[in-house]
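Let me begin by presenting the structure, written as structure tokens, before commenting on it.
The values are calculated or read from the model by the stated rules, or taken from the named source; none is laboratory data. The structure displayed is predicted, hence computed values, not measured ones. Backbone-built Cβ (ideal geometry, glycine too); neighbour counts: all protein chains shown. Heads up: the accessible areas ignore ligands, DNA and RNA and are worked out on the full protein's heavy atoms, side chains in. Shrake-Rupley method; radii C 1.70, N 1.55, O 1.52, S 1.80 Å.
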Amino acid sequence: MSLPRLHNTAARRIFLDRHALLETPQGAAHGSDLLKLVERLGFVQLDSINTIARAHDLILFARKPRYRPEHLRQLYERDKGLFEHWTHDAAVIPMQFYPQWHMRRTRDAAKLRKQWRSWRRDGFEEQLQDVLDHIRDNGACGSSDVGKGEARGSGGWWDWHPSKTALEYLWRSGALHVVRREGFQKRYDLTEKSLEPQLWGANTAPSEAETIDWCCAGALDRLGFATSGEIAAFWAHVTSGEAKTWCARALRDGAIKEIEIVGDDGSIKRAFARPGLADDPATDTTAPARLRVLSPFDPALRDRKRAKFLFGFDYRIEVFVPEAKRIFGYYVFPLLQGERLVGRIDMKAFRGEGTLRVRALWPEKGVQWGKGRQAALEAELGRIKRLAGVSEIAFEPDWLKPSIQHQFG
């Protein structure tokens, strides 16, 4: 028997809706309104690169243009509505989800001790108790406050001093909690001092089975449709085997069903979805024509294969690619307009001169860059410049490039 099929336009709309990109970007962007947005997305990835704005700030701004970085800082540090931990990378996560990270912390405690014991041969484990004692006696600290006299390298993850490694291990495994960041550097305190016992106590934590169910169900609901691998990768808590088992059970129980998704190129992929997805109101909702600059780490783009399948958008961030081998640039921003990814733009805020400089823009294949689209871009850059902390926009000579023919492969 043939499976229900979701055509590409409907699939794009559902996906954009689940990522809060189908509606007009508007509304309050602080306090409970901001928290609701983060809950809807599940988490927001943190990143320190600040060519225009940091990734977490641009992710939230793309959906709520009234957003400013202090809003996230207040929600995180003052209101304690968020906590920081890992999904696929470092992220801020709604505090109400904290108990669901008990399984991740427990698994990290065993996994990282083994991995880092091999990687950090200079004895980070010997510093664990000293670090805990230092924080208990002195309060919240950063990596520069511990390990006095230890050899220090560049500060990159590959070159942590032993006490820095101990701090990270104690945080990842649950004994410490990141209470704030100063200059993007984490400040750690005792979890038992920072959070209420019902959040962190082992006796109140969900079972592994409960957490696996929460993770898989929550991932599918935030993606709209997904393979078991995509479900496993969303929070990066559960294994691929655990996600497959959950899907098989949910399919048997009628909680999900198999459907076919049509890609941008007409190819077909099987996925799981909630019953009735084809009747979801999002399928009849047209996205606003407004053009938006997205972060390379936007949750809608995190899965590059999925972005290519749904939108025909072949993207790779080239931060770690040697300059001579880059195709587009160090930190190039995707451009979303309506239900299409229409291009990518290389730009940077030069805050000392108060200018946002557009170096290059590549329309996607088949996208015409006419007066209307240019006006939409300039309107978005006018909004972006306030977030970036500049007052002027400058287009460099020959900034508009031929449409993209390249595929990364």
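Numbers below:
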item	result
Odd one out for Asp265 among (1) assigned to a loop (DSSP other than H, G, I, E, B); (2) open to solvent by less than 40 Å² (accessible area, probe 1.4 Å)	(2)
Criterion violated by Thr245 - all others in (1) in contact with a His (Cβ under 9 Å, 6 or more places away or on another chain); (2) among the β-branched types (Val, Ile, Thr); (3) open to solvent by 30 Å² or more (accessible area, probe 1.4 Å) satisfied	(1)
Whichever residue in region 91-123 is closer than 17 Å to Ser194 by Cα and of a type in the set (A, V, I, L, M) and, among such residues, is surrounded by the fewest Cβ atoms within 10 Å (Cβ to Cβ)	Met95
Some residue of region 283-293 being at pLDDT 95 or above, among the β-branched types (Val, Ile, Thr) and buried (at least 21 other Cβ atoms within 10 Å of the Cβ)	yes
Residue within region 316-326 that is over 24 Å from Ala11 (Cα atoms), of a type in the set (Val, Ile, Thr) and open to solvent by less than 10 Å² (accessible area, probe 1.4 Å) present	no
Test: residue in region 354-371 that is open to solvent by less than 50 Å² (accessible area, probe 1.4 Å) and at pLDDT below 95	no
Selection count where residues are in contact with a strand residue (DSSP E or B) (Cβ under 9 Å, 6 or more places away or on another chain), touching a residue at least 24 places away in the same chain (Cβ under 8 Å) and not in a loop (DSSP other than H, G, I, E, B), scope region 310-349	16
Residue, least open to solvent (accessible area, probe 1.4 Å), within region 162-176, restricted to residues that are under 12 Å from Phe83 (Cβ atoms) and not aromatic (Phe, Trp, Tyr)	Leu176
All positions within region 19-33 that are touching a strand residue (DSSP E or B) at 6+ places or on another chain (Cβ under 9 Å) and within 23 Å of Phe234 (Cα to Cα)	Leu21
Selection status of Ala278, closer than 21 Å to Phe15 by Cα, modelled with pLDDT under 95 and either surrounded by fewer than 18 Cβ atoms within 10 Å (Cβ to Cβ) or within 22 Å of the chain's Cα centre (by Cα) (or both)	yes
His88 vs. criteria in contact with a Ser or Thr (Cβ under 8 Å, 6 or more places away or on another chain) and open to solvent by 50 Å² or more (accessible area, probe 1.4 Å)	no
Selection within region 350-380 - touching a residue at least 60 places away in the same chain (Cβ under 8 Å) and closer than 23 Å to Leu22 by Cα	Arg373, Ala376, Leu377, Ala379, Glu380
Residues being out of contact with any Ser or Thr (no Cβ under 6 Å at 6 or more places or on another chain), open to solvent by less than 30 Å² (accessible area, probe 1.4 Å) and among the aliphatic types (A, V, I, L, M) - total across region 177-204	3
Total residues in region 2-12, condition open to solvent by 40 Å² or more (accessible area, probe 1.4 Å) and either hydroxyl-bearing (Ser, Thr, Tyr) or touching a helix residue (DSSP H, G or I) at 6+ places or on another chain (Cβ under 7 Å) (or both)	3
Some residue of region 134-156 being open to solvent by 80 Å² or more (accessible area, probe 1.4 Å), hydrophobic (A, V, I, L, M, F, W, C) and either modelled with pLDDT under 75 or outside any helix (DSSP H, G or I) (or both)	yes
Which numbered condition Thr211 fails, given (1) open to solvent by 40 Å² or more (accessible area, probe 1.4 Å); (2) touching a Lys or Arg at 6+ places or on another chain (Cβ under 9 Å); (3) more than 25 Å from Leu341 (Cβ to Cβ); (4) outside any loop (DSSP other than H, G, I, E, B)	(1)
First in region 40-59 and touching a residue at least 60 places away in the same chain (Cβ under 8 Å) and within 24 Å of Ala394 (Cβ to Cβ), second anywhere and buried (at least 22 other Cβ atoms within 10 Å of the Cβ) and among the β-branched types (Val, Ile, Thr), Cβ under 8 Å, 6 or more apart	Ile52/Val293; Ile52/Ile384; Ala53/Ile384; Leu58/Ile52; Leu58/Val293
All positions within region 24-64 that are crowded, with 20+ Cβ neighbours inside 10 Å and over 20 Å from Ile93 (Cα atoms)	Ile52
1 or more residues over 22 Å from Ile317 (Cβ atoms): qualifying helices (runs of 4 or more DSSP H) within region 1-73	8-18, 31-41, 69-73
